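Engineer: Once you've had a glance at the structure underneath, I'll fire off some questions.
The values are calculated or read from the model by the stated rules, or taken from the named source; none is laboratory data. No experiment lies behind these values; they were computed from the predicted model shown. Quick reminder, even Gly has a Cβ in these numbers, built from the backbone with ideal geometry, and neighbours come from all protein chains shown.
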Amino acid sequence: MQDTFIQAYPKLLQPSVAVAGLWLAHGDEPLLSQWLIDALRPHWRAQNYAIKRIELISVKSWQEVLSELGSQSLFDDASALIVTGNHKPDKAVIAELERFAVEAQTGTHSHSLLWLTPKQDKRAQSSKWFTPFAQYGHVIDCNLYNEQQRQQLLQIQAQQFGLRLSQEAWQLLMSHTEHHLLSAYQTLWRLSYLFAPQLVAKNIEASHQADHSTQLSNNVALDIKDLQAALVSDAQFSVFDLSDAMLAGNSTQVAKILFQLKATDEPTTLVLWAISKDMRQIMQLMDGQDPQALGIWRSKQGLYQQACRRQSKTQTAEWPALLYKCDQAIKGLVRQPAWELLLQAALELSGKRLFVV
């Protein structure tokens, strides 16, 4: 079965979803892949799945995938594997995946396999490796092809946040965020904490229980005046705005926020705390640690993963020394101004290197 993301996503937000079998999500918008995982995760938990990630570093990695699916746990009813990487399975693995999918359909097992890949063109979709997913599993096209789909998807997210925007408010939001999906989503997230904090708490609890039904009622209605007031109040930046801009890779916004923080005498120690926290969490994620174990909010995990993809371990290996130098500058132990080093560190995190050795 093949669906677009906009068709599949609302179905996954229903209280009961059959998640066993093969799932393939292909697209070049990482935020959609993360939302897909976020929608499936409550169902996996409710059905006592052991959730694990496997990165395909070669074709041989598929043997690890098959081995994991074949293993049994005394504490979990089934396994849910999130597989990333673009190495296609060989003929033998394709046969095993087909057998796995058929057995899932007949109820022989309840394991779940989600493979996240870049966008697959029509030629790739006619390949033999694609057949088990299309014929026996679920294929989800994680791409947005027009502005209507973008707003449609954001309206679903607004409902999840407990918000209902008027048409004029939507137009202002899209214009303010320059039709950028992540920026619009972040703005909705902030609006939810301004206008519907109690609903946000209920929605978080509901997502852990795989019950999304309460998220579609009692939404707070916002018109253009509400949105204008919220966006104006957001003009005074904080270190949390700096964090969002750094993780999103918006170097222009990073510089703008830092200059604003400097002009308003924001403590340099607080700015360094925000930068060092994000840098350390990115380094830990790149070492394979689980984002939830690190205390990263579910709504920000996509941002952190996006930031990880911009970096290499060679680059992040230099971060501890840079953070130490910032700390020394704040304490007056080096001559270089602290704000210069903080700007350098913030831009490094956003993917913009000032000095390339």
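Engineer: Residues in the stretch 24-32: is at least one touching a residue at least 60 places away in the same chain (Cβ under 8 Å), in a helix (DSSP H, G or I), more than 20 Å from the chain's Cα centre (by Cα) and buried (at least 16 other Cβ atoms within 10 Å of the Cβ)? Working first, answer last.
Structural biologist: Just the residues of the stretch 24-32 that are touching a residue at least 60 places away in the same chain (Cβ under 8 Å), to begin with: 24-32.
Okay, now just the ones that are also in a helix (DSSP H, G or I), so 30-32.
Filter once more, so that each one left must be more than 20 Å from the chain's Cα centre (by Cα): none.
Scanning the stretch 24-32 turns up no residue that is touching a residue at least 60 places away in the same chain (Cβ under 8 Å), in a helix (DSSP H, G or I), more than 20 Å from the chain's Cα centre (by Cα) and buried (at least 16 other Cβ atoms within 10 Å of the Cβ).
Engineer: Identify, from the list I51, I82, I94, the residue that is touching a Lys or Arg at 6+ places or on another chain (Cβ under 9 Å), over 30 Å from L247 (Cβ atoms) and either outside any loop (DSSP other than H, G, I, E, B) or modelled with pLDDT of 95 or more (or both).
Structural biologist: Among I51, I82, I94, only I94 is touching a Lys or Arg at 6+ places or on another chain (Cβ under 9 Å), over 30 Å from L247 (Cβ atoms) and either outside any loop (DSSP other than H, G, I, E, B) or modelled with pLDDT of 95 or more (or both).
Engineer: Determine if the stretch 135-153 includes at least one residue that is in contact with a Leu (Cβ under 8 Å, 6 or more places away or on another chain), over 27 Å from G249 (Cα atoms) and among the small types (G, A, S).
Structural biologist: From the stretch 135-153, those in contact with a Leu (Cβ under 8 Å, 6 or more places away or on another chain) are 136-140, 142-144, 150, 153; that's our starting set.
If we keep only those that are over 27 Å from G249 (Cα atoms) as well, we get 136-139.
Restricting the remaining residues to those that are among the small types (G, A, S) gives 137.
Yes - at least one qualifying residue is present in the stretch 135-153.
Engineer: Do we have P15 as touching an Asp or Glu at 6+ places or on another chain (Cβ under 9 Å) and within 26 Å of R309 (Cβ to Cβ) here?
Structural biologist: Details: touching an Asp or Glu at 6+ places or on another chain (Cβ under 9 Å): yes; within 26 Å of R309 (Cβ to Cβ): no.
For P15, the condition - touching an Asp or Glu at 6+ places or on another chain (Cβ under 9 Å) and within 26 Å of R309 (Cβ to Cβ) - is not met.
Engineer: For the stretch 245-312, list the helices (runs of 4 or more DSSP H) that sit wholly inside it and hold at least 1 residues that are farther than 20 Å from P337 by Cα, more than 17 Å from the chain's Cα centre (by Cα) and of a type outside the set (D, E); which are they? Can you show your working first?
Structural biologist: Values: elements: 251-263, 268-286, 301-310.
Filter on the stretch 245-312 gives 251-263, 268-286.
Engineer: Right, another one. Considering only the stretch 330-350, state which residues are over 25 Å from the mean Cα position of the chain (by Cα) and touching a residue at least 40 places away in the same chain (Cβ under 8 Å).
Structural biologist: Applying the first criterion (over 25 Å from the mean Cα position of the chain (by Cα)) to the stretch 330-350 yields 330-344.
Answer for the stretch 330-350, where residues must be over 25 Å from the mean Cα position of the chain (by Cα) and touching a residue at least 40 places away in the same chain (Cβ under 8 Å): I330, A338, W339, L342, L343.
Engineer: May I pose another question? Could you check, for the stretch 174-184, whether at least one of its residues is without any contact (Cβ under 8 Å) to a residue 40 or more places away in the chain and surrounded by 20 or more Cβ atoms within 10 Å (Cβ to Cβ)?
Structural biologist: Kept after step one, since they are without any contact (Cβ under 8 Å) to a residue 40 or more places away in the chain, are these residues of the stretch 174-184: 174-175, 177-180, 184.
If we keep only those that are surrounded by 20 or more Cβ atoms within 10 Å (Cβ to Cβ) as well, we get 184.
So far as the stretch 174-184 goes, yes, one or more of its residues are without any contact (Cβ under 8 Å) to a residue 40 or more places away in the chain and surrounded by 20 or more Cβ atoms within 10 Å (Cβ to Cβ).
Engineer: I've got another one for you. Of everything in the stretch 87-119, what is closer than 30 Å to L181 by Cα, crowded, with 19+ Cβ neighbours inside 10 Å and not β-branched (V, I, T)? Give them in sequence order.
Structural biologist: In the first step, residues of the stretch 87-119 are kept if they are closer than 30 Å to L181 by Cα; the result is 87-88, 112-119.
Filter once more, so that each one left must be crowded, with 19+ Cβ neighbours inside 10 Å: 112-117.
Hits for the stretch 87-119 are S112, L113, L114, W115, L116.
Engineer: While we're here: For the stretch 132-155, which positions are surrounded by 15 or more Cβ atoms within 10 Å (Cβ to Cβ) and more than 30 Å from E168 (Cα to Cα)?
Structural biologist: The answer is P132, F133, A134, Y136, G137, H138, V139, I140.
Engineer: Take the residues of the stretch 300-332 that are of a type in the set (S, T, Y) and surrounded by 13 or more Cβ atoms within 10 Å (Cβ to Cβ): which is nearest to E29 (Cα to Cα)? Step through it out loud before you land on a result.
Structural biologist: Here is the first cut: in the stretch 300-332, the ones of a type in the set (S, T, Y) are 304, 312, 314, 316, 324.
Restricting the remaining residues to those that are surrounded by 13 or more Cβ atoms within 10 Å (Cβ to Cβ) gives 304, 316.
Numbers: Y304: 14, T316: 24 Å.
The selected residue is Y304.
Engineer: Also: For residues in the stretch 120-131 being of a type outside the set (A, V, I, L, M), in a helix (DSSP H, G or I) and under 26 Å from the mean Cα position of the chain (by Cα), which is surrounded by the most Cβ atoms within 10 Å (Cβ to Cβ)?
Structural biologist: F130
Engineer: Does E64 qualify as being at pLDDT below 90, part of a helix (DSSP H, G or I) and not assigned by TED's automatic domain parsing to the domain that holds L182? Break it down stepwise before answering.
Structural biologist: Working: at pLDDT below 90: no; part of a helix (DSSP H, G or I): yes; not assigned by TED's automatic domain parsing to the domain that holds L182: yes.
Criteria not met by E64.
Engineer: Suppose we filter the stretch 100-123 for residues that are farther than 17 Å from H138 by Cβ and either β-branched (V, I, T) or out of contact with any strand residue (DSSP E or B) (no Cβ under 8 Å at 6 or more places or on another chain) (or both); how many remain?
Structural biologist: Result for the stretch 100-123: 4.
Engineer: Sticking with this one: (1) modelled with pLDDT of 75 or more; (2) out of contact with any helix residue (DSSP H, G or I) (no Cβ under 8 Å at 6 or more places or on another chain): which one isn't true of Q198, the others all being true?
Structural biologist: If we test Q198 against (1) modelled with pLDDT of 75 or more; (2) out of contact with any helix residue (DSSP H, G or I) (no Cβ under 8 Å at 6 or more places or on another chain), just (1) comes out false.
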